[in-house]
1. Answer yes if at least one residue in region 269-280 is among the β-branched types (Val, Ile, Thr) and without any contact (Cβ under 8 Å) to a residue 40 or more places away in the chain, and no otherwise.
2. Any residue that is under 14 Å from the mean Cα position of the chain (by Cα) and aromatic (Phe, Trp, Tyr) - is there at least one of those in region 249-257?
3. Any chance region 101-112 includes a residue that's part of a loop (DSSP other than H, G, I, E, B), on the phi > 0 side of the Ramachandran plot and either surrounded by fewer than 17 Cβ atoms within 10 Å (Cβ to Cβ) or touching a strand residue (DSSP E or B) at 6+ places or on another chain (Cβ under 8 Å) (or both)?
4. Find all pairs meeting these conditions: Cβ atoms under 6 angstrom apart; at least six residues apart or on different chains; first residue within region 216-241 and part of a strand (DSSP E or B); second residue open to solvent by 90 Å² or more (accessible area, probe 1.4 Å).
5. Being on the phi > 0 side of the Ramachandran plot, open to solvent by 40 Å² or more (accessible area, probe 1.4 Å) and either of a type in the set (S, T, N, Q) or under 24 Å from the mean Cα position of the chain (by Cα) (or both): is that true of Gln124 here?
6. Only one of these is open to solvent by less than 60 Å² (accessible area, probe 1.4 Å), outside any loop (DSSP other than H, G, I, E, B) and at pLDDT below 95: Ser94, Ser5. Name it.
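The values are calculated or read from the model by the stated rules, or taken from the named source; none is laboratory data. Because the structure is a prediction, the values reported are computed rather than measured. Glycine also receives a Cβ, built like all others from the backbone with ideal geometry; neighbour counts cover every protein chain displayed. Calculation scope for accessible area: heavy atoms of the full protein, side chains included, ligands and nucleic acids excluded. Shrake-Rupley method; radii C 1.70, N 1.55, O 1.52, S 1.80 Å.
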Amino acid sequence: MFFTSIFTSLICFGFAQQFTNYTTVDGLADNIVNSVTIDNQGNKWFGTRNGLTKFDGLNWISYSKSEGLVDSIVNSIAIDNQNNIWIATCAGVSVFDGINFTNYSTDNGLANNYVWTVLVDNQQNLWFGTFGGGISKFDGIGWTNFTQSNTGLVSDKINSSLIDNYGNLWFGSYLYGAIKYDGSIWTPFHYDLLPFGNVRAIAKDNENNIWFGTFGFGISKYENESTWTEYFFSEGDLSIEKNYINSIITDNQNNIWFGTWGAGILKFDGVNWTNYNSENCDIISNHIYSLTFDNDENLWIGTYNGVSKMQFETKVPNISSEQIIIYPNPTTGILTIESEQLLIKNVIISDITG
């Protein structure tokens, strides 16, 4: 009997991305997709300029005002622990339980009907950032409204929201920076910290650093009150467009992904920046509104021209025998294999006969 066991200490393969694109031809309610969210069953929910669309991987279902949605322009979506879909629109808020829509407006206690962002906190309270009325909190029974007049809000026009690892709520405003709420104290972050006030996106990384995406003035990373890092693009392809950030998300490897308005997607691994745009990949548009990862770490991208699904594949390249260098030969134990495309080092070969 002859048996060979091979152990490698380092294997470098090629990594590739595969894009699948979806539009109204496939079943989207509209090609302008403001928000993408995934529920507990893995269904994808798309908030568009012409209603709400659900995609289960095979079937598409769209909902509009005729089905009970309060308004057709959907700005943001959040999902609570009961799998209810909360929908922020330009004419109020809808919640969808899978069968029926329930709608809320200023008549019910909402601060303003133009609702830009929605999030669910750890106690399952709903927080709505409005464009002109500040922030509304809904606990399932009653409403509490927070404005510049009764709190330390930097602005009543709220663009974005986030809950961090400690339960603090963060809100980005139009033109006047961001604010943190710890449940009792509102802490503003103005121009002295953020390069520009129009904060369109907020996200946290795996170390609970807070990332702010501004519209036109790049990115800021917050570690603590005294430690900020700013990223501004001034050179290279699409440098201007890279500073217009609409969305931010972190993956399991703590890479930070940024959806831009005009430059596609930026990925930052802490050292290097990678740009995915229509010139170097099959993304459906360079104008990005929303990013989210599914359970398989596929990236779903809401854009101005539809939806792209970005899958990551590890490929072993095709290599001819002329491209491979093997040494030493003959060997009695350790073999090294090298090529320009494939690198396998410290291969231990043990021969067992018997």
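1. Within region 269-280 (the criterion being among the β-branched types (Val, Ile, Thr) and without any contact (Cβ under 8 Å) to a residue 40 or more places away in the chain), the answer is yes, since at least one residue qualifies.
2. For region 249-257, residues under 14 Å from the mean Cα position of the chain (by Cα) and aromatic (Phe, Trp, Tyr): present.
3. Yes, there is a match, as at least one residue in region 101-112 is part of a loop (DSSP other than H, G, I, E, B), on the phi > 0 side of the Ramachandran plot and either surrounded by fewer than 17 Cβ atoms within 10 Å (Cβ to Cβ) or touching a strand residue (DSSP E or B) at 6+ places or on another chain (Cβ under 8 Å) (or both).
4. Pairs that qualify, where the first residue is part of a strand (DSSP E or B) and the partner is open to solvent by 90 Å² or more (accessible area, probe 1.4 Å), are Ser220/Glu230.
5. Taking the combined requirement at face value, the residue satisfies it.
6. Ser5 is the lone residue from the list that is open to solvent by less than 60 Å² (accessible area, probe 1.4 Å), outside any loop (DSSP other than H, G, I, E, B) and at pLDDT below 95.
Per-residue answers, yes or no, for (1) out of contact with any Ser or Thr (no Cβ under 8 Å at 6 or more places or on another chain); (2) open to solvent by less than 40 Å² (accessible area, probe 1.4 Å):
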site: Gly140; (1), (2): yes, no
site: Thr144; (1), (2): no, no
site: Leu175; (1), (2): no, no
site: Gly183; (1), (2): yes, no
site: Phe189; (1), (2): yes, yes
site: Ser220; (1), (2): no, yes
site: Thr227; (1), (2): yes, no
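Yes or no, residue by residue, for (1) modelled with pLDDT of 95 or more; (2) in a loop (DSSP other than H, G, I, E, B); (3) acidic (Asp, Glu); (4) surrounded by 13 or more Cβ atoms within 10 Å (Cβ to Cβ):
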| site | (1), (2), (3), (4) |
| --- | --- |
| Lys267 | yes, no, no, yes |
| Val271 | yes, yes, no, no |
| Asn280 | no, yes, no, no |
| Asp296 | no, yes, yes, no |
| Ile301 | yes, no, no, yes |
| Phe312 | no, no, no, yes |
